[in-house]
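S.K.: Let me begin by handing over the structure; questions about it come next.
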């Protein structure tokens, strides 16, 4: 598992690299876990939302989702940086998919019913690194809030 995470950030021989799909899934999951952890607590409501989002977005089964969340949590713990994750998404997602990622982040941040200022700051930074304009970030939050009502 650690080796999979290391390949996301370090140059390696081609045979050791994660597949593009695995790398993409891990990057997205890591950002979601980071958002859930920003308020100091990664609770069950946030974990359940992340699992639901990953199943919907990537068509993964329950076992794959749990493994991915565990790997993402480990990646977040060992890297402490956003750039590697956002770079993968920026390079492989089109503008619409990057906006969807921001919506996913808002869903996680709002899962516990309260948006901590650290969570909103993270989403603002990630949105910037994904080249999602401020207006689109605001609209993404409004769409998530509307779905939650």
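S.K.: Specify the residue that is modelled with the highest pLDDT; the eligible residues are those in segment 111-121 that are in contact with a helix residue (DSSP H, G or I) (Cβ under 9 Å, 6 or more places away or on another chain) and surrounded by fewer than 20 Cβ atoms within 10 Å (Cβ to Cβ). Before you say what the answer is, go through the steps one by one.
M.R.: Restricting attention to segment 111-121, the residues satisfying the condition of being in contact with a helix residue (DSSP H, G or I) (Cβ under 9 Å, 6 or more places away or on another chain) are 111-113, 115-116, 119-120.
In the following step, the residues that additionally are surrounded by fewer than 20 Cβ atoms within 10 Å (Cβ to Cβ) were identified as 112-113, 115-116, 120.
Working: 112: 79, 113: 80, 115: 86, 116: 85, 120: 93.
Looking at the filtered set, the residue picked out is 120.
S.K.: With segment 1-92 as the region, which helices (runs of 4 or more DSSP H) entirely inside it contain at least 1 residues that are surrounded by 15 or more Cβ atoms within 10 Å (Cβ to Cβ) and modelled with pLDDT of 80 or more? Lay out the reasoning, then the answer.
M.R.: On the way: elements: 2-9, 20-37, 44-58, 62-79, 83-92.
Here the list reads 20-37, 44-58, 62-79, 83-92.
S.K.: Let me ask something else. Quick check on this structure: which one of 149, 143 is over 16 Å from the mean Cα position of the chain (by Cα), surrounded by fewer than 17 Cβ atoms within 10 Å (Cβ to Cβ), over 20 Å from residue 26 (Cα atoms) and touching a residue at least 24 places away in the same chain (Cβ under 8 Å)?
M.R.: Numbers: 149 fails: touching a residue at least 24 places away in the same chain (Cβ under 8 Å).
Just a single option satisfies the conditions, and that option is 143.
S.K.: Going by what's in this entry, would residue 63 be described as under 24 Å from residue 23 (Cα atoms) and touching a helix residue (DSSP H, G or I) at 6+ places or on another chain (Cβ under 8 Å)?
M.R.: Details: under 24 Å from residue 23 (Cα atoms): yes; touching a helix residue (DSSP H, G or I) at 6+ places or on another chain (Cβ under 8 Å): no.
Criteria not met by residue 63.
The values are calculated or read from the model by the stated rules, or taken from the named source; none is laboratory data. Please read all numbers here as calculations on a predicted model, not as lab measurements. So basically every Cβ, Gly included, is an ideal-geometry build from the backbone, and we count neighbours across all protein chains shown.
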